[in-house]
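The values are calculated or read from the model by the stated rules, or taken from the named source; none is laboratory data. Computed from a predicted structure; not experimentally measured. Glycine gets a Cβ as well: all are built from the backbone with ideal geometry, and neighbour counts include every protein chain shown. The protein model used for the area step is the full one, side chains on, heavy atoms only, and it has no ligands, DNA or RNA in it. Shrake-Rupley method; radii C 1.70, N 1.55, O 1.52, S 1.80 Å.
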Amino acid sequence: MLIRRLARPMLAATYIYGGIGALRDAPTHAKAAAPLLEKTTAPLKDSLPERFPTDPETLVRIDGVVKIGAGALLALGKFPRLAALLLAGSTVPTTLAAHAFWEIDNPQERANQQIHFLKNIGLLGGLLITAVDTGGKPSVGYRAKRRARKVAKHTHHSVGAVKGAAKVRK
């Protein structure tokens, strides 16, 4: 459908651009992400594998690569549902780290960050719709239920035929 071919690249553009920005200036992005990362990873640090990256700059770079890669896949229409899920997973921590408007005292800056927060929530909504969009094809759940009904119907007819054959032989 033409709408999907237009909308997916439009949605992906923000993420590709943001991913490039994160890779170009990882230290600044890491500085913004550090407080949220500290809050979320501190309780888990002892249970994480030793080689698991926990430093903000490495995590920002990983996030940048995910945004560029998943954004490109979404823009090209390749694995769009998976790409949308990856981008949605990236959107939540980015939004909480970069647009925590509730922590800002300056009314003008608070309003500005609130707008960005709500914009990201809107993008997240678009990604969630994309993640469940089957492109007009029936979902896996629908196809599985339909197939199960067909098998049950076929089995019921087969069992009925066997019972009928047994009665005829008696």
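Observations on the structure shown:
- Tilt relative to the chain, helix 80-98 - C-alpha long axis, 0 to 90 degrees, to 10: 30 degrees
- Rounded tilt (10° steps) of 56-76 against the dominant C-alpha axis of the chain: 50 degrees
- Given (i) 15.7; (ii) 19.4; (iii) 16.4, the label whose value is Kirkwood radius over Cα pairs in Å derived from this model: (ii)
- The stretch 84-151: mean projected area of Cα convex hull, nm²: 5.9 nm²
- For the chain, the longest principal axis of the C-alpha atoms and the axis of helix 26-41 are separated by about 60°.
- When the surface is traced with a 1.4 Å probe over the full set of protein chains, Arg146 keeps roughly 110 Å² accessible.
- Restraint check, Lys67/Lys137; Lys78/Lys119; Lys119/Lys145; Lys31/Lys67; Lys39/Lys67, Cα-Cα greater than 29 Å: Lys119/Lys145
- Lys153 accessible area, 1.4 Å probe, all protein chains in place, Å² to nearest 10: 130 Å²
- Overall, the chain carries a charge dipole of about 2440 debye about its Cα centre when +1 sits on the Cβ of Lys and Arg and -1 on the Cβ of Asp and Glu, all other atoms neutral.
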